[in-house]
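Visitor: Just dropping this structure here.
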Amino acid sequence: MKVAIHQPHYFPWLGYLNKMASVDEFIILDEVQLSDNSNMCRNRFLTKTGKERYLTVSFEKKDYMKKRFCDVKLNTQVNWQRDHKNFLFDTYGKLVGFNEVWSEIKHIFEKRYETAYEVSMDSILVLRELFDIRTPLIYQSTIDYCKQTRKNDLVLSLCEALHAQIYLSGNGAKKYMQVDSFLKKGINVEFQEFSHPCYPQAFSSVFIPNLSSLDLLFNCGIEASRRIFWCNIENK
């Protein structure tokens, strides 16, 4: 069995979904701390002038790095749902895929949330449906593992608990990952090979990769986006 592990992200990029679709089980880290400057509460989009802009879910900053992500409350003084909705309508509203995609994601901008984690998870779940990804999601909090482990040992402990034979890691982990510790436990480590697909992209004459997956969906529509997404996996 092949396993991948990741924190929740807000409307994640295609590489995140590619990893999810490439494994047998995908572990969601719902008990880790909110990382500073991570995409757990934000992601990148394009403006009409072709500039990149982050949309960020506003959360309470007090002691947030000492809390589990699932316990970080939203900042009720900022109407991020209205702001994100207005930006998406103004920027992408006239594109070919907007209306059909909006009907599937609009609840995220209408629902009453308490935590930033709930928002990010709803965004992942809806993208999982839009791209027809069937990989089961396993939540860290439901797994019986050593709760004191951190970093490399945390990943290893989760893989052991699920009896993983292969762990699919992001390429960025090559610098610090202790692969030998996995091999000693009978777990092979593979590093994700992801080549970002290009697609017709409004607002930029030069293709800009690594945006939220919504950029592909808005530009191309659901069916075309699925074909692009799955073709990229099948051609690895």
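Visitor: With a sphere of radius 11 Å drawn around the Cβ of L46, what net charge do the other residues whose Cβ falls strictly inside it have (Lys, Arg +1; Asp, Glu -1)?
Guide: Here the count lands on +2.
Visitor: What net charge do the residues around M1 carry, taking every other residue with its C-beta under 11 Å from that of M1, with Lys and Arg at +1 and Asp and Glu at -1?
Guide: Its environment carries a net charge of -1.
Visitor: Where a Cα-Cα gap under 28 Å defines reach, which lysines qualify for K175, not counting those fewer than 8 residues away within the same chain?
Guide: Here the lysines satisfying the reach criterion relative to K175 are K2, K19, K66, K67, K147, K151, K184, K185, K236.
Visitor: For a quick check of your reading of the filter: which chymotrypsin sites (Phe, Trp or Tyr not before Pro) in segment 150-197 sit in a DSSP loop and have no more than 12 other Cβ atoms within 10 Å?
Guide: Y176
Visitor: Taking amide H positions as placed 1.01 Å from N in the peptide plane, with prolines and chain starts having none, which residues 5 or more places from L74, or on another chain, fall under 5 Å of its amide H?
Guide: HN-HN under 5 Å from L74: E60, T115, A116.
Visitor: Something else about it: Among the complete DSSP H segments of the chain, which ones combine at least 15 Å of alpha-carbon extent along their axis with a mean Kyte-Doolittle hydropathy of 0.5 or more?
Guide: TM-like helix candidates: 116-130.
Visitor: If one computes the Cα centroid of segment 139-200 and of segment 61-81, what distance in Å separates the two points?
Guide: If you average the Cα positions of each part, the centres end up 27 Å apart.
Visitor: Hey, another quick one. Give me the percent of accessible area attributable to carbon and sulfur for segment 141-236, probe 1.4 angstrom.
Guide: 50 percent
Visitor: Please report the net charge: other residues with Cβ closer than 14 Å to the Cβ of V72, K and R +1, D and E -1.
Guide: Once positives and negatives cancel, what remains is -1.
Visitor: Ok, one more. Check cross-link reach from K48 to the aspartates and glutamates: straight Cα distance under 17 Å, and skip same-chain residues fewer than eight apart.
Guide: Within the straight-line limit of under 17 Å, K48 reaches these aspartates and glutamates: D83, D90, D215.
Visitor: While we're looking at this one, here's another question. What longest region of the chain stays clear of GluC sites (Glu not before Pro) that DSSP places outside H, G, I, E and B and that have at most 12 other Cβ atoms within 10 Å?
Guide: Formally, the longest exposed-site-free interval is 1-109.
Visitor: Additional query: For segment 30-84, state which trypsin sites (Lys or Arg not before Pro) are in a DSSP loop and have at most 11 other beta carbons lying within 10 Å of their beta carbon.
Guide: Those satisfying the criteria are K48, K51, K61, K62.
Visitor: As I understand it, the dipole of the chain uses +1 on the Cβ of Lys and Arg and -1 on the Cβ of Asp and Glu, about the Cα centre. Which of F131, C70, N43 lies farthest toward its positive end?
Guide: N43
The values are calculated or read from the model by the stated rules, or taken from the named source; none is laboratory data. All values reported here derive from a predicted model rather than from experimental measurement. Positions of Cβ are backbone-derived with ideal geometry, glycine not excepted, and every protein chain shown enters the neighbour counts. Heads up: the accessible areas ignore ligands, DNA and RNA and are worked out on the full protein's heavy atoms, side chains in. Shrake-Rupley method; radii C 1.70, N 1.55, O 1.52, S 1.80 Å.
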